[in-house]
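First the structure, in the form of C-alpha cells, and then the observations on it.
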Amino acid sequence: MLEGILIGLGTVLSLTNLLMVVAGCLVGTFIGMLPGLGPMSIIAIMIPVAISIGDPAAALILLAGVYYGAIFGGSTSSILINAPGVASTVASSFDGYPMARAGKAGKALTVAAISSFAGGTIGAILLMAFAPMLANVALLFHSAEYFALMVVGLSAIAAFAGSGQIGKALMMTVLGLIMATVGEGVLFNLPRFTMGIRDLQTGFGFITLAMAMFALPETIFLILDPGRSGQGCSDTNAIRNLKISRNEVRSIVPVVGRQSLQGFLIGVLPGAGATIASFLGYAVERNIADKEEKAEFGKGSIKGLAAPESANNAACTGSFVPLLTLGIPGSGTTAILLGALIALSVSPGPRLMIDNPSVFWAVIISMYIGNLILLILNLPLIPYIARILSVPRNYLIPFILFFTLMGAYIGQNNATELLILIMMGIIATILRFAGYPLAPALIGFILGSMLENNFARSMQLYDGVGFILERPMTLGLLVLAGLLVLVPGYRASRARAQAGNAAP
Amino acid sequence: MAVPHARDAGRAGHGCIESMSLDRYIALVFVLLCLVYGHTAFITMDQGLPPFMQLNPIWPSTFPKVLSVLGVLVGTSVLLGIEKSDHTAESAEINYRKLTEYRIGQALALLSLMAVYAVMLRPAGFIVSTVLFLMTGSAILGERRWIIMSAIASIASVFIWYLVDQVLGIFMRPLPAFLS
C-alpha cells in the first residue's frame, strides 16, 4: 500500500495535476452553488474538457475535484440562501440557514467546511484501506459473476429508490439498458435498433444523455419556476466572520467522527449515496443528542450542520469504492465518471489497481489534497464566490443552456446530437414531472454494454444459460438481486395489510 | 422549509387517484415501446442473421429479447399500480397539473431557440450563432438592456471560442461559411 501511496503522490504532485485539483475544486464550488445545478450536471459539462486533456489520471483528478467542490458549493447556497444546489445538501439547510439568519453565516460556513474536510479525509483514508482489499477479492470474479454483480448493482439502485418507487426505478433501469442496445455492439458488428438514423449507428452519446437527463431538466425547472433560484439575498458582510470557538470544535468532533464513518459505509452501497447519508446522519445525531441539544436542532445547531456535512462528503468518497474496484457505479455521478474513464480507454474494475496504478492511487491521493484545498483556499474565498448567487437569471439561464449544448457538441461534433439532446431533455423533464427517478436510466445505459458483454461471454463459455446453475456464486448473486427488489415491496404490503387489520 | 412540504403533502393526499395518471400514461407508453422493441428482437432481427452465427449460443437479439420481456413486466406492474406508493414521501418539485401557472411559454421558446442554434451552428459559424443565442435567450427571459447584453454575449462567445478552439484544440468554425 505504501508503494501505491508513493505512486499516487508522485503523480499528483506534478504541477499540472495540482492545477487540476485546484481548478476542479474551484469550478465545482462555483457552479455547485448555483441553485438547480447538481454535481451530475456539472461533471457532465466538464467531461469534454477532461477528455481533451487526454491523461486519464489528470482527467479523473479534475472530475473528482469538481465533484466534491460541487458538494461544498451546494452547502454554501443551502446555508446562505436556503436554496440547496444539490440534493445531498438539503439537510445542511435545516440548521445552516437558521444560523445564517441569526447573523452567524460565517461561523456556519466554517463548521460546514471543517466537517466536509474531516468527512472527506476520513473517507479517503477508509477508501485507501478498503479499495485494495475489495479489488483483490474481485480479481477472483469471472464474467458470469460480473454479469450477476451488475444485476445486483442495478437492483440495489432500484431498491434504494424508496417505497413506492421501486417499480418506477426498475422501469428506468430497463429503459437505460434498452437505450444501450442501440447502435453497433462490440460483440456483433451489426447495427441494432437504429431506426434508420445514421447518426445512431454509434449509439447514443453518453454525455448527450447525461446532459439531457440532468442538466437540461434542471434548467427547464429553473425557467418554469423563477422562485427556485432564490437570488440576490446574499449579504456578503455577514460572511466575513469565519471564526468558531474551541468549545464548538469540541462539541462537533464526535459528531464528525461518527458521521464520517457512517456516511462512508452508506456511500459504498450502490444506490444509497450522499443524499441518504446526509439525511440519515442528521436524523441519527438528533436522536442521540441530549435533550437540551435536541431542542436546538432545526434552529441553528452546529451539530445539526456538522452531521450532514461530514456524512455527505464521506459518502461521496465512499461511492468511489465500487467504481474503482468493481467498475460498477453506485450513483449517477459515479456513472458519469465511469463513462468518462471509458472514453479515455481506461476500464475501471479490479484490474485498474494493477494495470493503471497511477490512475488508481492518484485519485485517492488527490482527494486529500482536494479536501485541503477546499478548506484553505475556498473558505476564505467564499464571500467572493458567493457573489455568483447575485448573477441575474436572465443571463445565467442562457449560459447554462449554452454550456449544456456545448458539452454534447464538443464530444460528438454534429448537430443531430444536439437535436437528440433537446428531445431527450424534454422527455426527461416529463419523466421528472411524473416522479420517475432518472439516475437509474443513466446507470443502466452505462452498464448496459458491459452487462451484455459479460452475459454473452458466459453464454459462450457454458454454451447456454447453464452458467447460472453451474456457478454457485453467480446463482447466489442473482438470488440476492431478486430479493433486493422483491423484499421491500413485500414488507410494505404486509405492513399495509397489518395497518388495515388494525384499523377497522 | 416546513411550510411548502406541508402544502405538498396536503395536495398529494387530496388528489391521490388523480395524481397517478401521468406516471401511468408514461408506463403505458413504455410498455408499447417494449412491445415494438420486442417485436424487432423476436421477429425481424433474426431474419438477417448469417447461418454461421446461428450456431452461436448467443445472438445479437438474445439480450434485447430478455430486456423486452423484463420491460413489459415492469412496465405493466407500474401501469397497474401493483406497488402502492405512499404519496407523502414524494414531494413533486413542480406540479405539472398547474403547468400553465409556470412560465411554460418561456421554456418552450428557449427550447426552440436551442433547436435553431443546433441547426445554425455549422452554417453560421460559432461566434455569430452563439452571440445571437445568448442575446435572444436573455431577451426571451425579459432582459431589455441591449448594450450590456450584446457586450456580455460577444465577450463570452469569443472567449469560449478561443478556449475551445485554440486551447483545447477542438476545431470550430468561428465565422459564417461564406466568410471563412
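Odds and ends about this structure:
- Qualifying residue in the range A:218-240 (condition: at pLDDT 80 or above, under 20 Å from A:LEU401 (Cβ atoms) and away from chain B (no Cβ under 14 Å)): no
- Identity of the residue in the range A:485-504, more than 16 Å from A:GLY164 (Cβ to Cβ) and not small (Gly, Ala, Ser), that ends up nearest to the other protein chains (Cβ to nearest Cβ): A:GLN498
- Of the residues making up the range A:151-193, those that are more than 9 Å from every other protein chain (Cβ to nearest Cβ) and in a loop (DSSP other than H, G, I, E, B) number 5.
- Near pairs, Cβ below 6 angstrom, 6+ apart or cross-chain, from the range A:425-437 (within 17 Å of B:GLY75 (Cα to Cα)) to any residue that is among the charged types (D, E, K, R) and surrounded by 23 or more Cβ atoms within 10 Å (Cβ to Cβ): A:TYR436/A:LYS168
- Qualifying positions in the range B:39-70 - closer than 16 Å to A:VAL174 by Cα and either among the hydrophobic types (A, V, I, L, M, F, W, C) or at the interface with chain A (Cβ under 10 Å from one of its Cβ atoms) (or both): B:ALA41, B:SER61, B:THR62, B:PHE63, B:PRO64, B:VAL66, B:LEU67, B:SER68, B:VAL69, B:LEU70
- Residues in the range A:411-425 that are assigned to a helix (DSSP H, G or I) and either surrounded by fewer than 19 Cβ atoms within 10 Å (Cβ to Cβ) or more than 9 Å from every other protein chain (Cβ to nearest Cβ) (or both): A:GLY411, A:GLN412, A:ALA415, A:THR416, A:LEU419, A:ILE420, A:MET423, A:MET424.
- Count of the range A:457-474 residues which are within 19 Å of A:VAL152 (Cβ to Cβ), assigned to a helix (DSSP H, G or I) and touching a residue at least 40 places away in the same chain (Cβ under 8 Å): 6
- For B:PRO174: the one exception among (1) modelled with pLDDT of 85 or more; (2) more than 9 Å from chain A (Cβ to nearest Cβ): (1)
- Only residues that are within 7 Å of chain A (Cβ to nearest Cβ), modelled with pLDDT of 90 or more and closer than 25 Å to B:ILE140 by Cβ were counted in the range B:71-111, giving 4.
- Residue selected from the range A:194-211 under the condition crowded, with 20+ Cβ neighbours inside 10 Å and of a type in the set (A, V, I, L, M), by the criterion nearest to the other protein chains (Cβ to nearest Cβ): A:MET211
The values are calculated or read from the model by the stated rules, or taken from the named source; none is laboratory data. The structure displayed is predicted, hence computed values, not measured ones. Please note: Cβ atoms are built from the backbone with ideal geometry, for glycine as well, and neighbour counts cover all protein chains shown.
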